[in-house]
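Peer 1: Got a structure for you, questions after.
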Amino acid sequence: MTKTKFLSIDNLSLQEMQDDAELIPLMTPEDEEEIAKEPLPKSLPILPLRNTVLFPGVVIPITAGRDKSIKLIKDANNGSKAIGVVSQKDESIEDPEIEDINTLGTVARILRVLKMPDGNTTVIIQGKKRFEVAEVLTTEPYITSTVREVEESKPPHTDKEFSAIIESIKDIALQIIKENPNIPSEASFAIKNIESSSFLINFVSSNMNITVAEKQQLLAIHDLKERALATLKFMNTELQKLELKQDIQSKVRSDLDQQQREYFLHQQMKTIQEELGGVSSEQEIEEMRAKGREKKWSKKVKEHFLKELNKMQRMNPQVAEYSIQRNYLELFLELPWDKYSKDIFDLKRAQKILDRDHYGLEDVKRRIIEYLAVLKLRNDMKSPILCLYGPPGVGKTSLGKSIAEALGREYVRMSLGGLRDEAEIRGHRKTYIGAMPGRLLQSIKKAGTSNPVFVLDEIDKLSNSHQGDPSSAMLEVLDPEQNTEFYDNFLEMGYDLSKVMFIATANSLATIQPALRDRMEIINVTGYTIEEKVEIAKRHLLPKQLEEHGLKKEQLKIGKKQLERIVEGYTRESGVRGLEKQVAKMVRHAAKSIAMEEEYNVKVTDEDIEKVLGPARMERDKYENNDIAGVVTGLAWTSVGGDILFIESILSKGKGTMNITGNLGKVMKESATIALEYIKSNAEELGIDPDIFEKYNVHIHVPEGATPKDGPSAGITMLTSLVSLFTQKKVKKSLAMTGEITLRGKVLPVGGIKEKILAAKRARIKEIVLCEDNRKDILEIKPEYLKGLKFHYVTEMSEVIEVAITNQNVKNAKKL
């Protein structure tokens, strides 16, 4: 009896089986030539395999448990010993039919049949050549079919690339054997002794740790070179997985070693400290004590620090609370207690800095100068809490930097957008592991002084959650009467914030808690006019973008006319962020032209603007002539500034119903209802036949239905539209209006006047109708903003109709 070794189908481990046959050698090129010359039988019994694929030349043991398979092996072993071996498409099928198996397989020769103690039959077979099932002859007692040989395309011996692929397969196979502890080292000798390239490919493909479907894909590749490349790809993936596994195991082992080492050292330290009576590092304690002596603390703060330091001295360094206590004392030492930067009271210099960094914003600048003036006279004034309120992109946040520079103070910015945890403001209690002070004190610590300019950005975007209400926590911070003793949960004692100059920014006051809003001085930062935007672009935006894109001033010039064209045609906002983006596009175009050595106009023309930015697309806010009765131009306030909107009305025969469309909110729908009821009750005075209301349906529409619209500003606009519709008199050209109405016909004042006036100027409106009570708002606006505008102040709706619907339109009126 001799021992014959066969390679198993799942991995490269060697399976020893007792056999009295001769030792089956590895296949040589001569063996392949002999097999190639052997004729293929006309028909073969087909043996389906569940979980493996047989490759030509490879010897594998298989276990036959199905009755059909046992019958087939018995008949073949007594006959020609040749069978056709194919793999199943689904290994779960117990009795596969012809459609359940792959049509391409390998002709096999039965080498040995062994009866196992469990009743199964183990067969040792060797692959010969590939075949394809042609026609099924019988299905009982097992499948037999005619077969045809599948030719294999081999590269010439001179193909150097193929030779290199074969060498790579050998090298990687040896690496896999070396990396995988489950594969015995004897497998490497088998790999090294293989002479035939095709057998090497088949041998490796058969024993790779891949799925049956992937092995079947390899078997189906007719070109040997392509099969070699595919095999190499799978082997690389397998090698990478093994290397990654080894790395992970190595790291885990290293971590465990490090943990054991640290545990050993900690145990030694614990033993030493127990011998010393539990005393922590004296050097660290003494360093903190020395730093504490240098601090100019009040008596209360000093006593508290020494008490906490003595508490730390008695603690075991191994407990979790020790690190928290150390962090607590380090915060005490790093906070700038009673440390203030010296203010610069040069008001003219401050005015220059504010004018240099921000064009316009006169009200804000005046308020800052007033604050500096009072601070200069008293020198101990509590800092006011300013809230800069306005649309995005008007310079609210950047104003804080300019104020800090003008005052000579440190600048700190804290973004509150989306903040929903009260502990972010007040800090965590020391009892929690990983406790930290609030972001307020952390920012003060970073600033290094107790009187920085502190910008609380986006205060209107604080949100609530189950973790508390941050906006309520801000009440103590922003109250000048309370913030002298601001209590942080981590610090556990009051900290003086009264010298900090807090500047909050907000886009909307509606979302700010009323109590919080009451503690701040609201300064309205309105939008810019077209002229102001042009100046801002010329003075600030263009130079900034040129510098950021690496261009010199003489390499690109944009004139005022072209800047105005960009503002009017490509931006629709109160601020200048969108304008900066458009200017940046022009600068990038010039930068690209310079880098690619292309010709371009240094002085930008209108054609250049259209070429780079495309056609002007912001024309929808332009005024449209009211050529049809029932169309009126209104003024609206939005979160990004003012805007104009058109209210249209139309009649259709019906029973007197009213429809309102345009994505309107509840307030605007109520305004439309009030307007119609007022007209019905005053039909005779307005010259309207009352029968119209019963014979015609009214439809009111506000264009751009995708945009939600609401607010108490469109009452007089809707009423004017309906009167124009019922009388068929057109509304006066270049006229816009804003205001609310009552059932008695009174006109009520509305807000957002400056933004609405700027929108009217952008739209080339010439006349504006306002409530008399809004006259004071107009007086607060700079005269240059009002240039070219005529205002009509009214108190009654009859005055609005008299101004808007002129007698000149009577002759054009249609009879209903």
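Peer 1: Considering region 404-427 alone, what residues qualify as being within 29 Å of the chain's Cα centre (by Cα) and either of a type in the set (Gly, Ala, Ser) or part of a loop (DSSP other than H, G, I, E, B) (or both)?
Peer 2: SER415, LEU416, GLY417, GLY418, LEU419, ARG420, ASP421, GLU422, ALA423, GLY427
Peer 1: The conditions are (1) without any contact (Cβ under 8 Å) to a residue 60 or more places away in the chain; (2) under 30 Å from ARG293 (Cα atoms), and PRO336 fails exactly one of them. Which is it?
Peer 2: (1)
Peer 1: A follow-up question, please. Would you point out which residue out of LEU361, LEU419 is more than 30 Å from LYS782 (Cα to Cα), surrounded by 16 or more Cβ atoms within 10 Å (Cβ to Cβ) and modelled with pLDDT under 80?
Peer 2: The conditions single out LEU419.
Peer 1: Same structure again: Is at least one residue of region 383-396 assigned to a helix (DSSP H, G or I), over 26 Å from GLU485 (Cβ atoms) and in contact with a strand residue (DSSP E or B) (Cβ under 9 Å, 6 or more places away or on another chain)?
Peer 2: Looking through region 383-396, at least one residue is assigned to a helix (DSSP H, G or I), over 26 Å from GLU485 (Cβ atoms) and in contact with a strand residue (DSSP E or B) (Cβ under 9 Å, 6 or more places away or on another chain).
Peer 1: Okay, moving on. Could you please give the count of residues in region 171-207 that are more than 19 Å from ARG227 (Cα to Cα), outside any helix (DSSP H, G or I) and over 50 Å from the mean Cα position of the chain (by Cα)?
Peer 2: The number of residues fulfilling the criteria is 2.
Peer 1: Is it true that some residue in region 753-766 is basic (Lys, Arg), surrounded by 15 or more Cβ atoms within 10 Å (Cβ to Cβ), part of a loop (DSSP other than H, G, I, E, B) and in contact with a helix residue (DSSP H, G or I) (Cβ under 6 Å, 6 or more places away or on another chain)?
Peer 2: No.
Peer 1: Determine which member of the set LEU388, LEU441 is surrounded by 18 or more Cβ atoms within 10 Å (Cβ to Cβ) and touching a helix residue (DSSP H, G or I) at 6+ places or on another chain (Cβ under 6 Å). Write out each step before concluding.
Peer 2: Details: LEU441 fails: touching a helix residue (DSSP H, G or I) at 6+ places or on another chain (Cβ under 6 Å).
One residue alone meets the criteria, LEU388.
Peer 1: Which residues, taken from region 52-87, are of a type in the set (S, T, N, Q) and touching a helix residue (DSSP H, G or I) at 6+ places or on another chain (Cβ under 6 Å)?
Peer 2: Of everything in region 52-87, just one residue is of a type in the set (S, T, N, Q) and touching a helix residue (DSSP H, G or I) at 6+ places or on another chain (Cβ under 6 Å), namely SER87.
Peer 1: Please enumerate the residues belonging to region 54-68 that are in contact with an Asp or Glu (Cβ under 9 Å, 6 or more places away or on another chain) and either of a type in the set (Asp, Glu) or surrounded by 20 or more Cβ atoms within 10 Å (Cβ to Cβ) (or both).
Peer 2: Answer for region 54-68, where residues must be in contact with an Asp or Glu (Cβ under 9 Å, 6 or more places away or on another chain) and either of a type in the set (Asp, Glu) or surrounded by 20 or more Cβ atoms within 10 Å (Cβ to Cβ) (or both): PRO56, GLY57.
Peer 1: While we're on this one: Hey, any hits in region 475-485 for a residue that's in contact (Cβ under 8 Å) with a residue 60 or more places away in the chain and in contact with a helix residue (DSSP H, G or I) (Cβ under 8 Å, 6 or more places away or on another chain)?
Peer 2: Yes: one or more hits.
Peer 1: I'd like to verify a number: residues in region 687-720 that are in a helix (DSSP H, G or I) and farther than 23 Å from ASN663 by Cα, how many?
Peer 2: 4
Peer 1: Going through VAL587, VAL631 one at a time, which residue ends up being farther than 30 Å from SER724 by Cα, among the β-branched types (Val, Ile, Thr) and at pLDDT 80 or above?
Peer 2: Details: VAL631 fails: farther than 30 Å from SER724 by Cα.
After ruling out the rest, the residue left standing is VAL587.
Peer 1: May I pose another question? So GLN562 ticks every box in (1) surrounded by fewer than 17 Cβ atoms within 10 Å (Cβ to Cβ); (2) assigned to a helix (DSSP H, G or I) but one. Which box is left unticked?
Peer 2: Here GLN562 clears every test but (1).
Peer 1: Scanning region 504-526 for residues that are hydroxyl-bearing (Ser, Thr, Tyr) and crowded, with 20+ Cβ neighbours inside 10 Å, which turns out farthest from LEU416 (Cα to Cα)?
Peer 2: By that ranking, first place goes to THR526.
The values are calculated or read from the model by the stated rules, or taken from the named source; none is laboratory data. Since the model is a prediction, treat every value here as computed from it, not as a measurement. FYI the Cβ positions are ideal-geometry reconstructions off the backbone, even for glycines, and counts take in every protein chain you see.
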